Amino acid sequence: MFNNILLSFDGSEHAMNAARLAAQLALQQEHPFLWVVCVVEDIPDLLQEPYQSKLIAAQSSKGEALIDAATQIVGNQVEVKRQLLFGDPAECIINVAENRSCDLIVMGTRGLGPLRGLLLGSKAQKVVSLTKCPVLLTK
């Protein structure tokens with residue numbers, strides 16, 4: 001049913017739970033495929049070189065480390081594709097889900113953003129509201 005799953009991962013406790021759940025769901029499928037998507041903060045256009053390049057490298061390194069952590073949680077029984085993006089997390093998640101024809105988005109209800117104390121994170125709420133595919137949220 002859900003052969004092409006997108007896991008949104010930001011390193012939060014809820015994202016770790018989402019990674020475990022996405023792995024369980026994928027393992028129940030005949031031909032599972034899991035996209036691990038990490039979206040890092042966009043780099044301001046006003047930043048000049050060499051600072052812009054240094055910040056891009058730092059953000060990329062942080063994002064790759066998060067994807068590595070998610071991949072370890074998922075394990076090696078599921079085919080995993082990695083996607084590191086810069087920009088608005090909700091918009092990037094929605095775009096990847098649409099472009100990759102994902103059957104399901106799995107993500108935590110709250111991430112590491114500044115408003116993490118809210119009942120339902122603003123990113124999760126935006127994804128649920130705007131995406132065309134099912135979204136499974138976990139705490």
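Values for this structure:
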{"quantity": "Residue match in segment 45-63 (condition: in contact with a helix residue (DSSP H, G or I) (Cβ under 7 Å, 6 or more places away or on another chain), surrounded by 12 or more Cβ atoms within 10 Å (Cβ to Cβ), under 15 Å from ASP103 (Cβ atoms) and aliphatic (A, V, I, L, M))", "calculated": "no"}
{"quantity": "Residue match in segment 100-122 (condition: surrounded by fewer than 19 Cβ atoms within 10 Å (Cβ to Cβ), at pLDDT 95 or above and farther than 13 Å from ALA22 by Cβ)", "calculated": "yes"}
{"quantity": "Scope segment 1-26; condition of a type in the set (A, V, I, L, M), buried (at least 24 other Cβ atoms within 10 Å of the Cβ) and within 11 Å of ALA70 (Cα to Cα); matching residues", "calculated": "LEU7, ALA15, ALA18, ALA19, ALA22"}
{"quantity": "Among (1) exposed (fewer than 13 other Cβ atoms within 10 Å of the Cβ); (2) aliphatic (A, V, I, L, M); (3) touching a residue at least 24 places away in the same chain (Cβ under 8 Å) - the single one ALA70 does not satisfy", "calculated": "(1)"}
{"quantity": "Boolean, GLN77 is outside any loop (DSSP other than H, G, I, E, B), modelled with pLDDT under 95 and over 15 Å from the mean Cα position of the chain (by Cα)", "calculated": "no"}
{"quantity": "Subset tally (residues that are touching a residue at least 40 places away in the same chain (Cβ under 8 Å) and either surrounded by fewer than 18 Cβ atoms within 10 Å (Cβ to Cβ) or assigned to a helix (DSSP H, G or I) (or both)) for segment 27-42", "calculated": "3"}
{"quantity": "Qualifying residue in segment 43-61 (condition: within 22 Å of GLN125 (Cα to Cα) and without any contact (Cβ under 8 Å) to a residue 60 or more places away in the chain)", "calculated": "no"}
{"quantity": "Meets criteria (assigned to a loop (DSSP other than H, G, I, E, B) and either more than 22 Å from SER122 (Cα to Cα) or modelled with pLDDT of 95 or more (or both)) for ASN17", "calculated": "no"}
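For every residue, the table says whether it meets (1) modelled with pLDDT of 95 or more; (2) within 12 Å of the chain's Cα centre (by Cα).
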{"position": "ASP45", "(1), (2)": "no, no"}
{"position": "PRO50", "(1), (2)": "no, no"}
{"position": "ILE73", "(1), (2)": "yes, no"}
{"position": "VAL96", "(1), (2)": "yes, yes"}
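The values are calculated or read from the model by the stated rules, or taken from the named source; none is laboratory data. From a predicted model like this one, the values you see are computed outputs, not experimental measurements. Neighbour counts are summed over all protein chains in view; Cβ atoms, including those assigned to glycine, are modelled from backbone coordinates with ideal geometry.
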